[in-house]
Amino acid sequence: MTNYELMFIIDPKLEQEQKDAEIEKVKGIISENGGELEEADVWGIRKLAYPIMKNTEGYYVVLPFQADPELPKELDRRLKISDAVIRHMIINKDEK
């Protein structure tokens, strides 16, 4: 298994329950596809470097996980079509 880190930014206008549901949804995608989760690091609302979809702030979440190389492709596809996630990045921590 490969070590990955997912950082995603949720729309800050959503209610806290919706933000928590989105985090659980992402965790579910990783778990369903054989990934092993570590503890999510919720940074909360932070100012963005530049406006994204007319938002100047975003709700940041960092989620380290271990998975096979196919999982990040599926996770990327699902996060791209999510209305709640305004940006995301998946990093392979094992690559040098």
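Worth pointing out:
- Counted charge near Gln18, where neighbours are those whose Cβ lies closer than 12 Å (Asp, Glu -1; Lys, Arg +1): -4
- Modelled spin-label separation between Ala21 and Glu38, with each label point placed 7 Å from Cα along the Cα-to-Cβ direction: 3.0 nm.
- Between Arg46 and Arg78, the simple spin-label model (points 7 angstrom out along Cα→Cβ) gives 2.4 nm.
- The chain: relative contact order in percent, alpha carbon pairs under 8 Å with at least 6 residues between: 48 percent
- Greater than 24 Å apart at Cα, pairs in Lys47/Lys80; Lys25/Lys73; Lys54/Lys93: Lys54/Lys93
- Counting only alpha carbon atoms, the long axis of helix 16-32 and the longest principal axis of the chain meet at about 20°.
Here, each number is a calculation from the coordinates, and none is a lab measurement. No experiment lies behind these values; they were computed from the predicted model shown. A quick note on method: Cβ atoms are made from the backbone with ideal geometry, for glycine too, and the neighbour counts reach across all protein chains shown.
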